[in-house]
1. With respect to residue 50, is the statement that it is out of contact with any helix residue (DSSP H, G or I) (no Cβ under 9 Å at 6 or more places or on another chain), within 16 Å of the ligand (Cβ to nearest atom) and in contact (Cβ under 8 Å) with a residue 12 or more places away in the chain true?
2. Which numbered condition in (1) closer than 23 Å to residue 74 by Cβ; (2) touching a residue at least 40 places away in the same chain (Cβ under 8 Å) is the only one that residue 120 fails?
3. State which residue is farthest from the ligand (Cβ to nearest atom) when the search covers only the range 53-76 and only residues that are open to solvent by 10 Å² or more (accessible area, probe 1.4 Å) and among the polar types (S, T, N, Q).
4. Out of everything in the range 149-178 that is open to solvent by 70 Å² or more (accessible area, probe 1.4 Å) and small (Gly, Ala, Ser), what residue ends up being farthest from residue 243 (Cα to Cα)?
5. Looking at residue 145, is it surrounded by fewer than 22 Cβ atoms within 10 Å (Cβ to Cβ), modelled with pLDDT of 95 or more and either of a type outside the set (Val, Ile, Thr) or closer than 20 Å to residue 244 by Cα (or both)?
6. Which ones in the range 22-51 are buried (at least 23 other Cβ atoms within 10 Å of the Cβ) and among the aliphatic types (A, V, I, L, M)?
7. Going through 212, 278, 227, 207 one at a time, which residue ends up being in contact with a strand residue (DSSP E or B) (Cβ under 9 Å, 6 or more places away or on another chain) and open to solvent by 10 Å² or more (accessible area, probe 1.4 Å)?
Amino acid sequence: MQTVLKGPSSEVIIAPDQPIVIIGERINPTGRKAFSAELREGDLSRVARDAVAQINAGAAVLDVNVGAAGVDEVALLPQAVQIVQDTVDVPVCLDSANPDAIAAGLKVVKGRALINSVNGETDKLKAVLPLVAEYGAAVIALCMDDTGIPSTPGQRLEVAQNILDAARSYGIPPEDILLDPLVMAVGADHKAAQVTVETARMLRASTGCNLTAGASNVSHGMPERDTLNTVFLALLAQAGINAPICNPLKNGLSIRAIDLLSGRDEWGARYIKLYRATKTDE
Ligand code: THG
């Protein structure tokens, strides 16, 4: 199954036999005080810098999230999208809990965007799926619904199937949907990562859909977050996650290593290319 995303004049294909597609997470004010304050003042100067840095570090798609207290996302998300796509030729992933902000972003997007996200809540399905259909976009489906986040992989699969059915009724096929098994912090529940990995396996086996996950969520509150994130990315990849949302500045080369070690990088060409592009002189 192939999910096709487009930038202004570029194309990104997400498919199980293709190299992992890194969705860069850095354009997001969560946990970043300076960026949050800048956004409140309408200062988007950091966006272009973060975009270039992530592409140089191996990202193929950029998540764009401007959600912080006191920020008008409906006004700012489209501005951030335009800055990103004026700076780098890549597809964007519109990350907002507010469907009005997603709609505003879609109006200015060039190419074929990824909407982040819909879930199984009745209101969300009704607000987001028509936008996916209208703009011919792709969408991330979170495995949660009106009852919350299910604790077992089987229940999360059930939610995914409900979303796939609802999408079908709007004419949206499974190849345009990236399923997200949901990543919670292992600091709060030491079984959380294992539930995600098991859910990913079930989602891939039962639906054949391409899969994403917010890998960095796993390490919130723990020391040496990069170590946890890197190892988790390998486990996720093994379970079928082929378009993780993560920090390429920290994990880009590790992901190229996963591709090489999984037989998806002939001659290690992509691994070596990223190494050469990012190595610092000793
Ligand atoms: N699924 C989907 N989308 C998502 C998530 C998901 N979008 C948001 C998030 N989860 C993924 N993105 C991030 C971005 C940043 C961090 C974690 C996940 C992060 N930031 C540091 C912090 O909060 O402490 C701050 C970074 C910094 O200081 O530079 O951890 O699960 N579909």
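The values are calculated or read from the model by the stated rules, or taken from the named source; none is laboratory data. Predicted model, so just to flag it, every value in this text is computed and none were measured. Glycine gets a Cβ as well: all are built from the backbone with ideal geometry, and neighbour counts include every protein chain shown. Accessible surface areas use protein heavy atoms only, side chains included; no ligands, DNA or RNA. Shrake-Rupley method; radii C 1.70, N 1.55, O 1.52, S 1.80 Å.
1. Taking the combined requirement at face value, the residue does not satisfy it.
2. So the condition that residue 120 fails would be (1).
3. The selected residue is 56.
4. 169
5. Values: surrounded by fewer than 22 Cβ atoms within 10 Å (Cβ to Cβ): yes; modelled with pLDDT of 95 or more: yes; either of a type outside the set (Val, Ile, Thr) or closer than 20 Å to residue 244 by Cα (or both): yes.
So residue 145 fits the description; yes.
6. 22, 23, 27, 39, 47, 51
7. 207
So that you can scan it fast, the table gives a plain yes or no per residue for (1) away from the ligand (no atom under 15 Å from the Cβ); (2) at pLDDT 95 or above; (3) within 17 Å of the chain's Cα centre (by Cα); (4) open to solvent by 40 Å² or more (accessible area, probe 1.4 Å):
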| position | (1), (2), (3), (4) |
| --- | --- |
| 78 | yes, yes, no, no |
| 82 | yes, yes, no, yes |
| 86 | yes, yes, no, yes |
| 90 | yes, yes, yes, no |
| 94 | no, yes, yes, no |
| 98 | no, yes, yes, yes |
| 103 | yes, yes, no, no |
| 123 | yes, yes, no, yes |
